[in-house]
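Data first, discussion second: the structure below is written as structure tokens.
The values are calculated or read from the model by the stated rules, or taken from the named source; none is laboratory data. The shown structure was predicted, so the numbers you read here are calculated from the model rather than taken from an experiment. All Cβ positions, even for glycine, are placed from backbone atoms using ideal geometry, and neighbour counts span all protein chains on display.
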Amino acid sequence: MPEFGVISTPINVDLLDSPAPPARLREGTMRYSQLFIPTVKEVPAEAETPSHRLMIRAGLIRRLASGTYTYLPLGWRCLKKIMAIVRQEMDAAGAQEICLPILQPMELWQQTGRDVVYKDILCHFTDHHGRENVLAPTAEEVVTVLAGAEISSYKQLPINLYQINTKFRDEFRPRFGVLRSREFLMKDAYSFDATADGLNESYRKMYDAYRRIFDRCGLKYVVVEAESGGMGGTDTEEFMVPCSAGEDVIVHTEDYSYAANIEKAEVDPPPAAQRPSTEPAGDPQEVHTPDVGSIEAVCAFLGTEPTEMIKTLIYTAGGQTIAALVRGDHEINENKLAHAAGSEAVALADEETIVRVSGAKVGFAGPIGLADKVDKLIVDHAAAAMAEGVTGANKSDYHVRSVVPGRDFPLEGDNVKVTDIRNAVQGDTYQDCELHFARGIEVGHVFKLGTKYSQALGATFLDEGGQAKPCLMGCYGIGINRILASAIELGHDENGCILPVSIAPFEVEVIPLNNDKPEVVETADRIYQQLGDAGVDVLLDDRDARPGVKFKDADLIGIPLRVVVGERGLKDGNVEIKRREDAKPTPVPVDRAVAEAQEVLKELRRRCS
Ligand SMILES: Nc1ncnc2c1ncn2[C@@H]1O[C@H](COP(=O)(O)OP(=O)(O)O)[C@@H](O)[C@H]1O
Ligand SMILES: [Mg+2]
């Protein structure tokens, strides 16, 4: 990412060098003995991912109930550092911070139709006056109403408003600790523009700010094309941290010149030369397949492979019925299907519709004669390219062999379309480049929304000609808690966290090993004070504990740099300096300790820039 290697805004990492509070204010909060850091050995079995386990073990978080977490002092320090970076970069990009209510009237959600789209995750309740309220899962409606009331002229545009605030989503499966929780902190920003060029510019500014934010948080990430889902709008990209705990799948070419969420990733159609791949088959033959409806069951029963099957799925969209055909080993992509059908969303048809359309019980729908019974027949390229396939027979307990696409069911016609409606799989290409797959955590998301919300909620302005027009909107989200959790997913070993210096709870930890030796205690204290005076965020482990305990906790918490003061080293005039990631410490003369620590710190800070 060369063009973003250098921070081009007035805000840069030097801010981290800003003076720490005077010693009087530092005392108490930076001595281990007085901090509430309840580290533990055991973690609950539900903690499956490294970040979840380590955040509990290192005393960063505690679970209150499913998907809700308390941040303890160290965890909150990390979040505060992340929020400071986010605020600096958002401000530098010209966005203005506000604070919107978390309690939102349900009416607003009804006006945009998102009460339906988001119904599965909305936390809502009726108040004493019988009014229905929503706990903010996001705030497009609320901020659009604000803009509608306050913006009247193009002269007030563009404007970009953001907040960092609590969000609630009744996630069906909260998991991986704070990676997917029900209550979380989101930075959400909303831009309002008068023209399409203006929106593009606002979007680009946010995109650039996001890169700086994630660079400064020390994250490795990729930007992928994404699907807008229930948000509406056109262009949208996600910032993904590639790692095994991720719930999203990133599809990319080797050099990442193309990268997209699997929900969106396009695939090349099979080359024409492979269509069909074998000689034309004989006539279709019906076979009795009692009670074997699923692809696996049919394959087991008939001794066929999923690649030899054509799967027929019946969907509904806006009152229409749609039959979708994909190869048996392929998975349908409902976003692509919706686009192909020209609808905002599709849903699997209910049993009654399937029975009515196919004339058979669920599991036996097939393409022969189906085009006349549905509003649209949409065939995936790969299914259309099959020489022949086994399909449902539109007759309960029967399948058909030797069904030939184009011969036994149409690939052309008014209500027939052959296109890409499936998920990419290993072996696929995009623009002739081989596609690769990686798991990723979505830490940020930028959208061009267009006028969906401004139209629904009346956020208009008068243009230069005095004509009323809806504002062009963009929205931009960042998961604050997810940044911390994904940093730990990327940075840890069996002993604990290895945090980037910009978001670690402290930058340096000073550890005196022998609390009973005044010389050790005084030297450690002096180094601690001098580092603090130099603006370093430093923790002193002043506990009366064995060295082993201090080292263990230091490794667990993962402060990037430690200075160890021991009786033995002092005899030779040395202390030891060690980065969290190093296997061995380096001895340094006592009087060089502070300067040396600052040097190493500079290098660690440079990584977060
Ligand atoms: N349940 C959650 N727990 C933690 N962070 C979340 C959660 N849902 C969303 N986020 C964060 O908020 C950002 C913006 O949310 P959004 O794009 O609306 O979420 P989604 O893609 O899950 O619908 C996401 O990029 C993610 O970092
Ligand atoms: Mg998203």
Every residue in segment 429-482 that is within 16 Å of ligand 2 (Cβ to nearest atom), over 27 Å from L146 (Cβ atoms) and surrounded by 20 or more Cβ atoms within 10 Å (Cβ to Cβ), please. G440, I441
Regarding D537, is this residue closer than 26 Å to I213 by Cβ and either of a type in the set (A, V, I, L, M, F, W, C) or within 37 Å of the chain's Cα centre (by Cα) (or both)? yes
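Residue-wise test of (1) under 25 Å from F239 (Cβ atoms); (2) at pLDDT below 95.
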| site | (1), (2) |
| --- | --- |
| G477 | yes, no |
| I480 | yes, no |
| A485 | yes, no |
| L499 | yes, no |
| F506 | no, no |
| N515 | no, yes |
| T523 | no, no |
Among P512, P500, which is the only one that is closer than 20 Å to D572 by Cα and surrounded by 17 or more Cβ atoms within 10 Å (Cβ to Cβ)? P512
Can you confirm whether segment 74-83 contains a residue that is closer than 30 Å to A345 by Cβ and at pLDDT 95 or above? no
In segment 61-84, which residue that is more than 21 Å from T39 (Cβ to Cβ) and without any contact (Cβ under 8 Å) to a residue 24 or more places away in the chain is surrounded by the fewest Cβ atoms within 10 Å (Cβ to Cβ)? A65
All but one of (1) within 15 Å of ligand 2 (Cβ to nearest atom); (2) crowded, with 22+ Cβ neighbours inside 10 Å hold for Y207, so report the exception by its number. (2)
Can you find a residue that is assigned to a loop (DSSP other than H, G, I, E, B), under 23 Å from the mean Cα position of the chain (by Cα) and either of a type outside the set (K, R) or within 17 Å of R182 (Cβ to Cβ) (or both) anywhere in segment 76-89? no
Take segment 350-379 and flag every residue that is assigned to a loop (DSSP other than H, G, I, E, B) and in contact with a helix residue (DSSP H, G or I) (Cβ under 7 Å, 6 or more places away or on another chain). K361, V362, F364, A365, K373, V374
Considering only segment 214-233, I want to know if a residue exists there that is away from ligand 2 (no atom under 16 Å from the Cβ), over 14 Å from the mean Cα position of the chain (by Cα) and either of a type in the set (S, T, N, Q) or within 30 Å of A147 (Cβ to Cβ) (or both). yes
Would it be correct to say that R173 is surrounded by fewer than 21 Cβ atoms within 10 Å (Cβ to Cβ) and within 16 Å of ligand 1 (Cβ to nearest atom)? yes
Mind listing just one residue for me: the one in segment 85-114 that is of a type in the set (D, E, K, R) and under 18 Å from A189 (Cα atoms) and, of those, surrounded by the most Cβ atoms within 10 Å (Cβ to Cβ)? E89
Only residues in segment 484-504 that are over 19 Å from I441 (Cα atoms) count as the first member; pair them with residues that are charged (D, E, K, R) and part of a loop (DSSP other than H, G, I, E, B), Cβ under 6 angstrom, at least 6 apart or cross-chain, and list the lot. V501/E507
Selected residue [more than 21 Å from D555 (Cβ to Cβ) and touching a Phe, Trp or Tyr at 6+ places or on another chain (Cβ under 8 Å)] from R77, R63: R63
Among A347, A281, A317, the single one that is under 28 Å from the mean Cα position of the chain (by Cα), under 21 Å from F409 (Cβ atoms), surrounded by fewer than 22 Cβ atoms within 10 Å (Cβ to Cβ) and in contact (Cβ under 8 Å) with a residue 12 or more places away in the chain is A317
What do you reckon, is R356 without any contact (Cβ under 8 Å) to a residue 12 or more places away in the chain and more than 26 Å from V117 (Cβ to Cβ)? yes
